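A short write-up of the structure that comes next.
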Amino acid sequence: MGQIPMSWLRTLRDRWPGALRQQVTRTGLIYASTVVVVALAAFLTANNLLFLILAAMLSVLLISGFVSKLGLAGLEIDLLLPQHISARRKIRAAVRLKNLKRWMPSFSIHVEGLPGSGVDSSLYFPVLPGRATIEDPVDLFFPARGRWRERTFQFTTRFPFGFAERREWVHTRHDIVVYPCLEPQRGFEDLLTDITGEIEARQRGPGNDFYRIRPYDAFETSRHVDWKATAHTGALQVREFARDEEQRVLLYLDLDCGDSADAWFESAVDCCAYLAYRLASRGAHVRLRTQEADLTLPRDADIYQMLRYLALVSPLRGKVPGTPDDNQYFPIVFTPNPARMAALGWDAAQNGRVIEPGPLQP
């Protein structure tokens, strides 16, 4: 069998670090050189003592390889994940490592997640007894939204003598849906503040349903002063009324973006998820529309159903957006083509917001 070219080995190591299962360390090279010297001396001098030493040294090499392989055998790994994960944010999870061997412990085990696993740190287990299970915290980081199914972990050990570093890898499968980034990015907080102000201005004015009696605030109109409660308490009291309508927000995400708007589309999805999450946390009635879906989020409902859809949404080129269908909502439209949305009636729909590519360019 011919030798494997070094260029091929380097390519294999770069593409798949676990493909080279064993790598000789500097200690191993020194020990191997010593074995060669002792072997030459034994054959040249025919000294029985040197042959005994050579046999012992070779036995140590064989035992080292066997124990190293046995230490990595029978290990089971599982990743304990939080229920909700968003992109570009470090989260805390746990790695559960179990030794399936009945009595044989494993020593000096390093566990590391390979690129694409989401695991952002490495772990070290000095000893793992037989039939034992150990959990250790680990940081997770997913750079992008979407579905992540497979992660690869690499086990390494230099036990017992450090002559070689043995590697084994294992694939774990979890159907993880990573939500869009929910952290505020450039311009997101200012946009949220502006939109909140516009919604409140649109719904300004009291309703007709009595809510409570509370103390009078400075510069407040005296029209709602409750004189009976004022006389009873000795301080000005006013009647407060609930609003006739709750905050209703429609987020329309235009999926028909051109080939040059892919970067904008990802920013639009992040902004849409951020606004939906923040507005829902403030008690707003949020609705999300696209060319393929219409999701309504009543007050106090689970926002994560909407975030799950945004995690998996993709552009639909050539699909014409719909027209406004409910004037009770304050519309926020994300589109790379504002002229087309205006022609469909979105520009005049309840004085909403049309968000173009410019403010959301990364």
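The values are calculated or read from the model by the stated rules, or taken from the named source; none is laboratory data. All values reported here derive from a predicted model rather than from experimental measurement. Neighbour counts run over all protein chains shown; Cβ positions are idealised from the backbone, glycine included.
Descriptive notes on the structure:
- Qualifying residue in the stretch 323-340 (condition: under 23 Å from the mean Cα position of the chain (by Cα), at pLDDT 85 or above and under 19 Å from P184 (Cα atoms)): no
- Some residue of the stretch 167-189 being at pLDDT 85 or above, in contact with a strand residue (DSSP E or B) (Cβ under 9 Å, 6 or more places away or on another chain) and farther than 20 Å from A87 by Cβ: yes
- Only residues that are hydrophobic (A, V, I, L, M, F, W, C) and under 26 Å from the mean Cα position of the chain (by Cα) were counted in the stretch 132-172, giving 11.
- Given (1) in a loop (DSSP other than H, G, I, E, B); (2) surrounded by 15 or more Cβ atoms within 10 Å (Cβ to Cβ), index of the condition E183 fails: (2)
- Residues that are among the small types (G, A, S), touching a residue at least 40 places away in the same chain (Cβ under 8 Å) and surrounded by 11 or more Cβ atoms within 10 Å (Cβ to Cβ) do occur in the stretch 45-65.
- A144 vs. criteria modelled with pLDDT of 85 or more, in a loop (DSSP other than H, G, I, E, B), exposed (fewer than 15 other Cβ atoms within 10 Å of the Cβ) and at negative phi: yes
- Single residue of the stretch 77-122 satisfying the filter (among the charged types (D, E, K, R), part of a loop (DSSP other than H, G, I, E, B) and touching a strand residue (DSSP E or B) at 6+ places or on another chain (Cβ under 8 Å)) that is surrounded by the most Cβ atoms within 10 Å (Cβ to Cβ): D120
- Taken over the stretch 286-329, the criterion of being of a type outside the set (A, V, I, L, M), outside any loop (DSSP other than H, G, I, E, B) and crowded, with 20+ Cβ neighbours inside 10 Å is satisfied by R287, R289.
- Pick from the stretch 99-111, criterion of a type outside the set (S, T, Y) and in contact with a helix residue (DSSP H, G or I) (Cβ under 9 Å, 6 or more places away or on another chain), ranking: nearest to T157 (Cα to Cα): I109
- Residue count, the stretch 88-125 (criterion: modelled with pLDDT of 90 or more and in contact with a Cys (Cβ under 7 Å, 6 or more places away or on another chain)): 0
- Hits in the stretch 297-338 - residues which are aliphatic (A, V, I, L, M), more than 16 Å from G283 (Cα to Cα) and in contact with a strand residue (DSSP E or B) (Cβ under 8 Å, 6 or more places away or on another chain): L307, L310, A311, L312, V313, I332, V333
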